[in-house]
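Here is the structure we will look at, set down as structure tokens.
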Amino acid sequence: QPPRPCEDYWGEWKHCRGLRHAFHHYYAHGELPSCGRWREDYEACRAWERHRAAAAQVPPGLLRHSPAARGCSYGEGYAPVWTLRKRPPPDWYLPLDQDKPN
């Protein structure tokens, strides 16, 4: 049995292909999202519902490993933009020097 209903995979595929998501993903990661895996998961889920296809459930099959693989790899490989501080700077309470020239 698939871990999620097939309509969930279809909805995720439609969301992934949407203009708003593609724009956000391109802005955040510099590349368009790859949505083919959601479509493959949907087709494997439908194959399981129709014929109880063994290809959709065995270890190299799509549905068992796909959501975990997508969730774990999302965001990896991106370095942080700035280093995080352990504590605030010592003069954090002073007014900003906006009026002074550099």
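The values are calculated or read from the model by the stated rules, or taken from the named source; none is laboratory data. Not measured: the values here are computed from a predicted model. Cβ: placed from backbone, ideal geometry, glycine included. Neighbour counts: every protein chain shown. Each accessible area value is taken on the protein alone, full model and side chains, heavy atoms only, with ligands, DNA and RNA left out. Shrake-Rupley method; radii C 1.70, N 1.55, O 1.52, S 1.80 Å.
Points to keep in mind about this one:
- Based on Cα contacts under 8 Å between residues 6+ apart, region 6-57 shows a relative contact order of 36 percent.
- In the full protein context, region 6-57 carries 71 Å² of accessible surface per residue, based on a 1.4 Å probe and ignoring ligands, DNA and RNA.
- With R₀ set to 35 Å, the beta-carbon distance separating Val81 from Arg4 gives a calculated FRET efficiency near 0.55.
- Inter-label distance, Arg50 to Phe23: 3.6 nm, where each label sits 7 Å from its Cα along the C-beta direction.
- Cα centre as origin, Lys/Arg/Asp/Glu Cβ charges: region 6-57 dipole, Debye: 120
- Of all accessible heavy-atom area on region 6-57, the percent that carbon and sulfur account for (1.4 Å): 52
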